Amino acid sequence: MNAPQQVRSGEGWPQLNQRWLADELLMLRQRIDPDAQLEPVARMDADAEFEPALECCARLFGLSSFERELLLLAAGVELDSGVRDAVAR
């Protein structure tokens, strides 16, 4: 699926994808370290106009929910120091 150039209130796909991924990584940190004092996240869901890169990869490669979460974890360790620290603990 080609990403549309403009979706939702003028935000482009890259900005939406980055915000969606940041939310997913924060929720991942909350699952890894439930005692962490993190701000609650209001999940930003994908819709017909916006398909996040992770969801697109999961669909294209036929990933199971476990494989999708493992891909998110691998990316999170590289992209988010909070996820990296939570995994290390």
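The values are calculated or read from the model by the stated rules, or taken from the named source; none is laboratory data. Please read these numbers as outputs of a predicted model, since none were measured by experiment. So basically every Cβ, Gly included, is an ideal-geometry build from the backbone, and we count neighbours across all protein chains shown. SASA here: full protein model, heavy atoms, side chains in, ligands and nucleic acids out. Shrake-Rupley method; radii C 1.70, N 1.55, O 1.52, S 1.80 Å.
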### Task
Residues being within 19 Å of R19 (Cβ to Cβ) and open to solvent by 50 Å² or more (accessible area, probe 1.4 Å): count how many of those fall in region 61-81.
4
### Query
Could you list, in sequence order, the residues of region 1-56 that are modelled with pLDDT of 75 or more, acidic (D, E) and exposed (fewer than 13 other Cβ atoms within 10 Å of the Cβ)?
D35, E49
